[in-house]
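In what follows, a structure is listed as structure tokens, so that the remarks can point back to it.
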Amino acid sequence: MSIDMNISDRYKEISRLSGASEEIVRAVLRACQQTAAKSLQGGNEVTIPGLVTFIPTVKSNIDIQKQDVTKYVGIRAKASQSLTALMNDPNRNKYVSEGKSIVEDLEDNLNYMSESDIQAKNAGIRLRQIGSLT
């Protein structure tokens, strides 16, 4: 069983769980985004407790035809240990289908990936890096 939330649904759910108005939730998350961007621009990691740590990285985009390499700033994200633990706790996960493990249910719900995406991921290939393959 999957609980698919769009951004608006996420705001409403956070509002419901926290008791704060949706306006306050939106304002807090906007402020969080602004402070995170400022820290990342300064080359600092950003941790949002209980959720994620964002790590700024320098990446390269290779244009074979122009024989050019362009560097840009990317962001890597690492889930917090507490979020990972919650994801793997069968006693706390209300959204897992009857008779399935969390991993099996998640695999079933990851239907947005095409077979070629899955094969490329398993082979360690990022198709968006190779323009002629996308």
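The values are calculated or read from the model by the stated rules, or taken from the named source; none is laboratory data. Computed from a predicted structure; not experimentally measured. Virtual Cβ from ideal backbone geometry, glycine too; neighbours counted across all protein chains shown.
Among the residues of segment 22-66, those identified as in contact with a helix residue (DSSP H, G or I) (Cβ under 7 Å, 6 or more places away or on another chain) and touching a residue at least 12 places away in the same chain (Cβ under 8 Å) are V25, R26, I48, G50, L51, F54, P56. Condition (residue is part of a strand (DSSP E or B) and at pLDDT 65 or above) applied to segment 86-104: is it met by at least one residue? No. Name the residue that is modelled with the lowest pLDDT, counting only residues in segment 1-44 that are under 23 Å from A77 (Cα atoms) and of a type in the set (V, I, T). Out of the qualifying residues, it is I3.
For A79, the test of being of a type outside the set (D, E), modelled with pLDDT of 85 or more and within 29 Å of M5 (Cβ to Cβ) is passed.
Considering only segment 73-80, I want to know if a residue exists there that is closer than 20 Å to V28 by Cα, in a strand (DSSP E or B), of a type outside the set (G, A, S) and touching a helix residue (DSSP H, G or I) at 6+ places or on another chain (Cβ under 8 Å). Looking for residues that are closer than 20 Å to V28 by Cα, in a strand (DSSP E or B), of a type outside the set (G, A, S) and touching a helix residue (DSSP H, G or I) at 6+ places or on another chain (Cβ under 8 Å), one finds none in segment 73-80, hence no.
Checking each residue in segment 19-32 for being assigned to a helix (DSSP H, G or I) and either exposed (fewer than 12 other Cβ atoms within 10 Å of the Cβ) or touching an Asp or Glu at 6+ places or on another chain (Cβ under 7 Å) (or both) picks out E23, R30, A31.
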